[in-house]
Amino acid sequence: PSSVRSIGKSAFYECVNLEEVAFEKNSILYLIEFNSFAFCRSLEKLLIPPSVSVIDPFAFHECSSLKQMQIPQSLIKVEFSVFKGCTSLCKIKIPQSATMIEDSAFYFCINLKEIQIPSSVKTIGRDAFHYCRKLSKITFANNSTLKTIGSNAFRYCLSLSKIVFPPTVVQIDEF
């Protein structure tokens, strides 16, 4: 229902037959808590309402069938391990509102092929895209404000043949 303001911790944890989650257009949902949909291995499609501004760590951890994901424009940061192990995720667009991609956010998203980093992102955390072995294209906005890239952020991105960091980057931790 549109009146739901938050989805609690582990609310749908290991609902292995859950395939799709839909929200009403006038949803006031603003928070998806820790582990809310973790290990929902049949979940393929999830369109998060634009009212959501916080998605806690591990919210979609190991949703291995998740193919489509729309991150709302109101999200300020892509949390720690939020999509870790989403092995079917191919493409995702980080919203312009995000200022940080936390540690291990997309760790082991082995089919992620393309990522667009908006100008608002200042930090890419440790292991953010670690073992995204099909990641072949990373696009940074022309007016990027990216300053810091954490250790192993792109480790084992085996398909990545070229990356051009924006001139605003002042720190790249060990890889």
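Where a number appears in this text, it was derived from the coordinates with a stated rule and is not lab data. Quick caveat: nothing in here was measured; it's all calculated off a predicted structure. Note that each Cβ is placed from the backbone with ideal geometry, even for glycine, and that neighbours are counted across all protein chains shown.
Quick look at the numbers
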item: For the chain, convex hull of alpha carbons as volume per residue, Å³; result: 88
item: Lys/Arg +1, Asp/Glu -1 at C-beta; the chain dipole; positive extreme among L43, A128, T139; result: T139
item: Net lengthening on full extension, Y30/V54 (0.36 nm per residue, minus Cα-Cα); result: 8.0 nm
item: Sequence-distant aspartates and glutamates (8 or more away, or on other chains) whose Cα lies within less than 20 Å of K162; result: E114, D127, D173, E174
item: Part-to-part distance (alpha-carbon centres) for segment 119-175 and segment 1-29, which is given in Å; result: 31
item: Extension gain from T139 to T87, taking 0.36 nm per residue of separation minus the Cα-Cα distance; result: 16.6 nm
item: Charge dipole (debye, nearest 20) of segment 1-82; +1 at Cβ of Lys and Arg, -1 at Cβ of Asp and Glu; result: 180
item: About the Cα centre, charge dipole magnitude for the chain (Lys/Arg +1, Asp/Glu -1 at Cβ), debye; result: 540
item: Selected from E44, E102, E20 as most flexible by GNM, with the chain as the system and alpha-carbon contacts under 10 Å; result: E20
item: Distance in nm between pseudo-label sites at S3 and D173 (7 Å out along the Cβ direction from Cα); result: 4.5
item: Spatially proximal lysines relative to K122 (Cα-Cα < 17 Å; intrachain offsets below 8 disregarded); result: K77, K93, K147
